[in-house]
There are 2 protein chains.
Amino acid sequence: MTGKPRTKYANLGRCSLLGGLALIVSCPAAMADDPGRRWTPEDIVSVPKVISMALSYDGAELAYLERTVDIAGNRTLLVLYRLDLASGARAEVARAIAADKLEAIAGKRAWNVLLDLGDGQQLYQIDSGASARLVLASEAKVTVGQAEGNLFAVSSLAPHRVGVLAYDWSPDRRWLWYAALKPGPSDTRVQFDSEVTAQKHRRRAPVPAVVELRLRSSSGEDTLIATRPTSDRLAFYLGATVRWGEDGLRYFVETTSGIKSDESEAFDLKFASLVSTSAGTLPGLPSVDYLKGPHGGQLASEGTGASLDLIETGPDGTKHSYGRYGFYIGDPRSAASWRSEDGKRLVLGVRTTTHPRYGLAVVSKAGIRTILTGKSLSRCDFRADLSWGICVEESLSQPPRFVRVEPGSGRITKVLTLSARHEAIAPLKITAHQWKNRADHIATGFIVWPRDYIKGQPYPAILVTHGSDADERFADQDLQWDFPVQAWAERGYVVVLINDPSPRLNPDLMAGYAQWRSGKGHLSPAKVQDSAWIGVVHMLEDVVSQLVSDGLVDRSRVGIAGYSRGSQITNVAVTQSGLFRAASSGDGSFLEPSAWSQVTRSYTAIFGGPPAGDFLENYRRLSPSLRADHACAAVLQQMATPLAGAIDFHMSLRAARVPSQISLYPGETTATDETHLFHIPSNRLAAMRENLAWFDFWLRDVEQTDASSAGRAGHWIEMARSRRDNCPTFPAISSHAPP
Amino acid sequence: MTGKPRTKYANLGRCSLLGGLALIVSCPAAMADDPGRRWTPEDIVSVPKVISMALSYDGAELAYLERTVDIAGNRTLLVLYRLDLASGARAEVARAIAADKLEAIAGKRAWNVLLDLGDGQQLYQIDSGASARLVLASEAKVTVGQAEGNLFAVSSLAPHRVGVLAYDWSPDRRWLWYAALKPGPSDTRVQFDSEVTAQKHRRRAPVPAVVELRLRSSSGEDTLIATRPTSDRLAFYLGATVRWGEDGLRYFVETTSGIKSDESEAFDLKFASLVSTSAGTLPGLPSVDYLKGPHGGQLASEGTGASLDLIETGPDGTKHSYGRYGFYIGDPRSAASWRSEDGKRLVLGVRTTTHPRYGLAVVSKAGIRTILTGKSLSRCDFRADLSWGICVEESLSQPPRFVRVEPGSGRITKVLTLSARHEAIAPLKITAHQWKNRADHIATGFIVWPRDYIKGQPYPAILVTHGSDADERFADQDLQWDFPVQAWAERGYVVVLINDPSPRLNPDLMAGYAQWRSGKGHLSPAKVQDSAWIGVVHMLEDVVSQLVSDGLVDRSRVGIAGYSRGSQITNVAVTQSGLFRAASSGDGSFLEPSAWSQVTRSYTAIFGGPPAGDFLENYRRLSPSLRADHACAAVLQQMATPLAGAIDFHMSLRAARVPSQISLYPGETTATDETHLFHIPSNRLAAMRENLAWFDFWLRDVEQTDASSAGRAGHWIEMARSRRDNCPTFPAISSHAPP
């Protein structure tokens, strides 16, 4: 077991040590006499998140984009700041609806960035001026977001218009390559078969759009080089990954648009003629995600278990091992990677396998230096010579702070706290754990202890499950969604943040997960179901048993919450196990029969075929709506869209007289949907209050008198009265219900 | 058996007989030497339909609204005509996007009508002027139709804006009562449970709207009397059914908005104060559909069988019988009803029980006079004294014509043919039939014989089924939807138009149908399934057997087509019976598990409960997508919207290697849907051509070389090659495949 609570409180200690440094240090209010205040839902909603950062060319300043909320204006904002590292002075440059691709400009103290300041996403420059200066605008006729007539794209932002999608300057800045989003030809043909089945759950009509790849010369001539479908991921997300040359450039597009195994095509463009000629097709998307090592090969973590091999594979297939480490590289949540100009040294973001958190690995031919603490270095930027960089340091109990990191020595020094509001909260006791289930599978996770915990008292417990997102980040929305983890702990719940048993830590699960993803393999549907769902439920049951036997948890008052992947586990758990008395399932419907036509490949692995004929038995074994009569828990489903499978589950629970509520959180208008990760603060607050009221009602018989039940308590009482009793009875335990 | 072909051809004969009358007669081109030309899909699309007609106060003119198509402009139009009955001169007054409530104005040769001439539906007057004159406009901010941001309402029109929904003049025309459609308050609350489940299959976001009930004085003061939800059917469809008095009026609203058993509330309004006071609530909607007889009681057809009692039930419950007749009153498709000013005589539209068609019944204390021919009188208007009226006369083989009807004598004389285009087509041989199945149930219907039929040759056959719409109307869209019945006959198919065995003709089916509709009853789900679906399939099988033994049909080349209710029967037929080799199912998905949350009441009767637990077996017995592996027929589904259940059925058929295609017909834009009855001519034509190509391919091995297969023939060949063979083999018959 790692991550003892002492180490958490010790974080606060370091602050004073650093007080004498030239670097500015703003000490948390918690360092005053009072131990700090308690968590509120507003605190959770307003945790700032740095999504992008870039050191100026001379290293004097840091520019960064912070995702934050404007509670009064009820919107999510992206705020662009400049931070003077010498003085610690921070200046707000812009508040944007959307922002992307912040990059420092070589040779001067300036940056480029894509911002939507109200006229759609365009290219801006930040330099001596107080505000962002428009560099390039492309008429923004296409709106991206979950609204009728928009281009649907994975997003956690309000619908926003996009002019410039991506950009790339030539090294000498004489040429500007960019991708623009434009309306496509409207298509009202008769549609057939897969064109129709794809619309089974389509609630909105998307707009047709295309990506224009364009080149602009220093004298302002603007040339359309190519027009690509938005399904071309290289064009849409990466502006076609340009490689600049002396007299021209090479760009890459995805020809198969993700339909079958990916394929790219390279094109060479000469500046003189501005004509593109094909340079041939390549399997996969080699123009991205290529992590080149000191030996010129590709770096990757290989193997399974708590320690993994870091391997560099040369073009000829020869493998060089850097040894075994308790981390892996390439996790999209980890810090990025930086290569020294001579290519001899790299700094790589890593994620640890046990006690999940983020750190750095400095890689050279000489070997590896790991920079790992009890906390996470979740985002960074480094000087070109890798002599030092600035990172965001955070943990489950420490708010994000900027620290200075020196790859050479591994030295970490504090620069600035990012949120005085959250520094002022007395940290909760949070401990890191590894658990084993009946099958000897290992799962990692954390316990958030009740505030004012009294030893020997069994507490009500809520398990929060979401794939692998339980790690050392501060109140991260990826992990806790709209589950008020910290507020639950304040109210006297034991909150268990638990990851699924990962195939990386449990090799025998790999085949099942692989078959789920690829649809191919030799396992029976039942075996696939056991690997990725049923076994996870066993883990949850076994963790609770341990906590009960430790005297920490009251077995008769256990709840479960999860969204997305977590909603799968939550829905399966309550229909496979009698352990749970209350559940909150967030915006999911996977595993329901209704989704078959949308995910035939996965469902073929999980169920064998469509929900018909002999395959139906495989659905009855796992699909929550077909097992509603097995449920004991009162099930709350909080939705961003009215997913058919979630509605089916709700209807089946009701028909089985199991308490069930489905709540749909609105978008900005009736023609707009909330996003999978809610972006509307009032929705996040209402959903958290609903979760507080729901679990208090079903686990602690506490009926909310405030607005948090949205006037639903009457319905809950009625459901409780008319429910069919199919819950197992556990030996009674004297239960402690905090005020 | 009725409806011999001779009587059909004889129709043409009558024309010359009438030639000598003062009444104008335009004789069909078919009366020239040539027997007339053959049917094309364009002929079917362009059949005119009179939807409303009104004689002028003095009886000199008839105004009528004709639903027709503009093939070049690719839109459905409502054309308003004036017809001078003396001269037979017809003048077009207006071409509207939408039109409703055509009413003659007392005391002058003028009419009121609601028209959308481009500025939304408003109130117009037609009088001496050449064009319609605007009387009342209410700002049209709400669009009605199947498009995003519209008010969804059952409609077969393109989306159109509505200002005035309904109107009602006081007898002295000093007061104008009207209903206006206005935007309602936009609602972006969190939604719960039934508010969410109602959105399971919602593809578009509707706009919130309300109905304003308003009163306008002769001096132009306009007063808002009440605001009602659009779910109030009395307010939305009937402008609150006003009763005018001396010093005020009484209006009725639906208080329960159809949520539970309907309830109305009456309000009294005094002209002096313009204040409404409640006059109490009443069960049901007594302000509508009240058919008052000569004795002051309510008229209704009672009983079952081929002959029904026409009964007048007095307020005290006493019943007066007018005797038994082979018709019933109150069918919404039949002509309306007219009462003489003294209330002593009525003319009622009726529908016959055997050989289904429409006629009239003249009711007085003396008794009943029936006006019935071999054809239908499908729409009429009569003089106030009921001395005479004008009706639309039509049959399956006779295009609509205006005739003069004298209730006193029953005399019918021709006035005008409505469509020279269709008069010019050589009528097909169409015979009326009654069939009995193995359970002695009776079904009515018609056989459309192949053009150039050669006795003794077995022909491929297509059964067209749609509830009860098979009757003597001319190429009516209600019956044949986008099934090219006449074009099939031209190509050498035997086309059977067949009604379901009706509970009225088959009393023992009544309980099953009643339970389906009410959700209440003591029958088992299996018995309900047998009454309304399985038994219908037995009827189809037995009809085909008779036609095969008559030597008319080749058992190995039988297809089935149906939309709406007909799509239920089609999908059940192909998954219960091996008889059918090809099917076309139109815009349906009822009986699929996915619809449970939308129709719990019906599904409780049909399946017992949700598609889970033990109820699943009841779904496996009937739901087409759960029985796809039983199907032999190649199934085409033509859709106006991508209904989830239809997609499930398609996916299951494909998984079972049964040939299947689902085709989605587009609306005007990507944000608009086609309507259940297609209103876009190009869609109707394409769907009919697709049906021609589909059945030719699967029943006659004819591969279309024209555009009618929309380039899909290649896919069909591939499906035919890879299909699983689960069709029964029948004794081979020498088959005649026309060129």
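The values are calculated or read from the model by the stated rules, or taken from the named source; none is laboratory data. Remember, predicted model here, so these are calculated numbers, not experimental data. Cβ sites come from the backbone with ideal geometry, for glycine too, and all protein chains shown count toward neighbours. Protein only, heavy atoms only, side chains kept; ligands, DNA and RNA dropped before computing areas. Shrake-Rupley method; radii C 1.70, N 1.55, O 1.52, S 1.80 Å.
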Report task. Can you run down the residue pairs with Cβ atoms below 8 Å, 6 or more apart or on separate chains, where the first is in the stretch B:355-376 and more than 14 Å from B:PHE474 (Cβ to Cβ) and the partner is basic (Lys, Arg) and outside any strand (DSSP E or B)? Result -> B:VAL362/B:ARG345; B:VAL363/B:ARG345; B:SER364/B:LYS344; B:SER364/B:ARG345; B:LYS365/B:LYS344; B:LEU372/B:ARG357
Report summary line: Scanning the stretch B:367-390 residue by residue, those more than 19 Å from B:TYR57 (Cβ to Cβ), out of contact with any Pro (no Cβ under 9 Å at 6 or more places or on another chain) and hydrophobic (A, V, I, L, M, F, W, C) turn out to be B:ILE368, B:LEU372, B:LEU377
Query - Unmet criterion (only one of (1) farther than 20 Å from B:ARG700 by Cα; (2) free of Cβ contacts under 8 Å to residues at least 40 places away in the same chain) for B:TYR453 - result: (1)
Query raised in the report: Just checking, how many residues over the stretch B:660-680 are crowded, with 22+ Cβ neighbours inside 10 Å and away from every other protein chain (no Cβ under 11 Å)?
Result: 3
Report summary line: Those residues of the stretch A:136-162 that are touching a Phe, Trp or Tyr at 6+ places or on another chain (Cβ under 9 Å) and either open to solvent by 50 Å² or more (accessible area, probe 1.4 Å) or closer than 25 Å to B:ARG203 by Cβ (or both) come to a total of 5
Query raised in the report: Among the residues of the stretch A:272-287, which ones are open to solvent by 30 Å² or more (accessible area, probe 1.4 Å) and under 21 Å from A:LEU176 (Cβ atoms)?
Result: A:ALA272, A:SER273, A:LEU274, A:VAL275, A:SER276
Query raised in the report: From the set of residues in the stretch B:597-607 that are within 10 Å of chain A (Cβ to nearest Cβ) and open to solvent by 20 Å² or more (accessible area, probe 1.4 Å), which is modelled with the lowest pLDDT?
Result: B:GLN598
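Considering only residues that are at the interface with chain A (Cβ under 7 Å from one of its Cβ atoms) and closer than 20 Å to B:ALA595 by Cα, look in the stretch B:649-659 and name the one that is surrounded by the fewest Cβ atoms within 10 Å (Cβ to Cβ).
Here is the first cut: in the stretch B:649-659, the ones at the interface with chain A (Cβ under 7 Å from one of its Cβ atoms) are B:650-652, B:655.
Filter again for closer than 20 Å to B:ALA595 by Cα, leaving B:650-652.
Details: B:HIS650: 27, B:MET651: 25, B:SER652: 29.
So the residue we want is B:MET651.
Check every one of the strands (runs of 3 or more DSSP E) wholly within the stretch A:43-139 and list those with 3 or more residues that are farther than 23 Å from A:VAL415 by Cβ and either assigned by TED's automatic domain parsing to the domain that holds A:GLU668 or of a type in the set (A, V, I, L, M) (or both).
Values: elements: A:49-55, A:61-70, A:75-84, A:90-96, A:98-104, A:111-116, A:121-126, A:133-136.
Because the criterion is at least 3 residues that are farther than 23 Å from A:VAL415 by Cβ and either assigned by TED's automatic domain parsing to the domain that holds A:GLU668 or of a type in the set (A, V, I, L, M) (or both), the strands (runs of 3 or more DSSP E) in the stretch A:43-139 that meet it are A:133-136.
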Query raised in the report: Condition test on B:LEU238, is it more than 7 Å from chain A (Cβ to nearest Cβ), within 29 Å of the chain's Cα centre (by Cα) and either open to solvent by 20 Å² or more (accessible area, probe 1.4 Å) or modelled with pLDDT of 90 or more (or both)?
Result: yes
Query raised in the report: How many residues, within the stretch B:514-533, are buried (at least 19 other Cβ atoms within 10 Å of the Cβ) and not small (Gly, Ala, Ser)?
Result: 7
Requested in this report: Return a yes/no flag: does the stretch A:444-462 have any residue that is open to solvent by less than 20 Å² (accessible area, probe 1.4 Å), touching a helix residue (DSSP H, G or I) at 6+ places or on another chain (Cβ under 9 Å) and among the polar types (S, T, N, Q).
Outcome: no
Report summary line: Of the residues in the stretch A:608-624, those that are crowded, with 24+ Cβ neighbours inside 10 Å, part of a helix (DSSP H, G or I) and in contact with a Pro (Cβ under 7 Å, 6 or more places away or on another chain) come to A:TYR619
Requested in this report: State the number of residues belonging to the stretch A:174-229 that are assigned to a strand (DSSP E or B) and either facing another protein chain (nearest Cβ under 7 Å) or not aromatic (Phe, Trp, Tyr) (or both).
Outcome: 25
**Report entry** Conditions (1) at pLDDT below 95; (2) open to solvent by less than 20 Å² (accessible area, probe 1.4 Å): number failed by B:TYR358
**Finding:** (1)
Query raised in the report: Looking only at the stretch A:693-709, which residues are closer than 16 Å to A:PRO41 by Cα and either at pLDDT below 90 or not assigned by TED's automatic domain parsing to the domain that holds A:ALA633 (or both)?
Result: A:GLN704, A:ASP706, A:ALA707, A:SER708, A:SER709
Requested in this report: Report yes if A:ARG657 is in the same structural domain as A:ILE534 (by TED's automatic domain parsing) and either assigned to a helix (DSSP H, G or I) or free of Cβ contacts under 8 Å to residues at least 60 places away in the same chain (or both), otherwise no.
Outcome: no
Query raised in the report: open to solvent by 40 Å² or more (accessible area, probe 1.4 Å), at pLDDT 95 or above and either touching a helix residue (DSSP H, G or I) at 6+ places or on another chain (Cβ under 9 Å) or not assigned by TED's automatic domain parsing to the domain that holds A:THR669 (or both): does that describe A:ASP187?
Result: no
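Report the residue count in the stretch B:582-596 for those that are in a loop (DSSP other than H, G, I, E, B), within 14 Å of chain A (Cβ to nearest Cβ) and open to solvent by 10 Å² or more (accessible area, probe 1.4 Å).
2
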Requested in this report: Just give me the residues in the stretch A:617-638 being at the interface with another protein chain (Cβ under 7 Å from one of its Cβ atoms) and either within 31 Å of the chain's Cα centre (by Cα) or free of Cβ contacts under 8 Å to residues at least 24 places away in the same chain (or both), in sequence order.
Outcome: A:SER625, A:LEU626, A:ALA628
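Go over the candidates A:LEU224, A:LEU238 one by one and state the one that is more than 30 Å from A:LEU664 (Cα to Cα) and touching a residue at least 24 places away in the same chain (Cβ under 8 Å). I'd like the intermediate steps shown before the answer.
Working: A:LEU224 fails: touching a residue at least 24 places away in the same chain (Cβ under 8 Å).
One residue alone meets the criteria, A:LEU238.
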**Report entry** In the stretch A:75-91, the residues that are under 27 Å from A:ARG173 (Cα atoms) and either charged (D, E, K, R) or touching a Cys at 6+ places or on another chain (Cβ under 7 Å) (or both)
**Finding:** A:ARG82, A:ASP84
Query raised in the report: Failed condition for A:ASP70, given (1) over 30 Å from A:THR669 (Cβ atoms); (2) surrounded by fewer than 17 Cβ atoms within 10 Å (Cβ to Cβ), with all others met?
Result: (1)
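Sort through A:LYS365, A:LYS319, A:LYS375 and tell me the only one that's over 24 Å from A:ALA104 (Cβ atoms), basic (Lys, Arg) and crowded, with 22+ Cβ neighbours inside 10 Å. Before the answer, list the steps.
Values: A:LYS365 fails: crowded, with 22+ Cβ neighbours inside 10 Å; A:LYS319 fails: crowded, with 22+ Cβ neighbours inside 10 Å.
Step by step, each of A:LYS365, A:LYS319, A:LYS375 is checked, and only A:LYS375 is over 24 Å from A:ALA104 (Cβ atoms), basic (Lys, Arg) and crowded, with 22+ Cβ neighbours inside 10 Å.
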Query raised in the report: Is there any pair with a first residue in the stretch A:294-323 that is assigned by TED's automatic domain parsing to the domain that holds A:ALA366 and in contact (Cβ under 8 Å) with a residue 24 or more places away in the chain and a second that is among the small types (Gly, Ala, Ser) and assigned to a strand (DSSP E or B) whose Cβ atoms are under 8 Å apart and which are 6 or more apart or on different chains, and what are they?
Result: A:LEU308/A:SER301; A:LEU310/A:ALA300; A:LEU310/A:SER301; A:LEU310/A:SER321; A:LEU310/A:GLY323; A:LEU310/A:ALA361; A:TYR322/A:GLY367; A:GLY323/A:GLY367
Query raised in the report: Here are some conditions: (1) more than 11 Å from chain B (Cβ to nearest Cβ); (2) under 22 Å from A:ALA489 (Cα atoms); (3) not hydrophobic (A, V, I, L, M, F, W, C). A:ASN683 meets all but one. Which one does it not meet?
Result: (1)
